[in-house]
Amino acid sequence: MTLSPEARDILRQYKTLINERRRNDGLSPVTTAQVMESICEYMTHQVAVYLCGRFILQDGKNN
């Protein structure tokens with residue numbers, strides 16, 4: 001997957017924040033791939049998501 005520099009920077013910021021909190025809780029750090037996987041997993045459980053200027057309504061069959 002190719003990410004824009006802006007998206008890569010946002011993802012890096014999220015990963016840094018997550019890993020700071022995990023370190024405070026005595027947990028091991030996560031990788032960028034794990035952060036992306038968690039974001040995608042979260043989005044699959046939403047009624048709708050807004051991506052690329054479009055709302056995507058989910059039918060709920062896979063929840």
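The table for this structure:
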item	result
Qualifying positions in the stretch 15-52 - under 20 Å from residue 1 (Cβ atoms) and aliphatic (A, V, I, L, M)	18, 30, 33, 35, 36, 39, 43, 49, 51
Where residue 6 falls short, out of the listed (1) surrounded by fewer than 12 Cβ atoms within 10 Å (Cβ to Cβ); (2) closer than 30 Å to residue 59 by Cβ	(2)
Residue among 35, 47 that alone is at pLDDT 90 or above and touching a Lys or Arg at 6+ places or on another chain (Cβ under 6 Å)	35
Members of the stretch 34-52 that are assigned to a loop (DSSP other than H, G, I, E, B) and open to solvent by 70 Å² or more (accessible area, probe 1.4 Å)	45, 47, 52
The stretch 24-33, residues that are within 22 Å of residue 8 (Cα to Cα) and either open to solvent by 90 Å² or more (accessible area, probe 1.4 Å) or in a loop (DSSP other than H, G, I, E, B) (or both)	28, 29, 30, 31
Residues within the stretch 53-63 that are of a type outside the set (A, V, I, L, M) and either under 16 Å from residue 1 (Cα atoms) or open to solvent by less than 100 Å² (accessible area, probe 1.4 Å) (or both), tallied	3
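The values are calculated or read from the model by the stated rules, or taken from the named source; none is laboratory data. Quantities reported herein were computed from a predicted structural model and do not represent experimental measurements. As a convention, Cβ positions derive from the backbone with ideal geometry for all residues, glycine included, and neighbour counts pool all protein chains shown. These area figures cover heavy atoms from the full protein model, side chains too; ligands, DNA and RNA do not enter into them. Shrake-Rupley method; radii C 1.70, N 1.55, O 1.52, S 1.80 Å.
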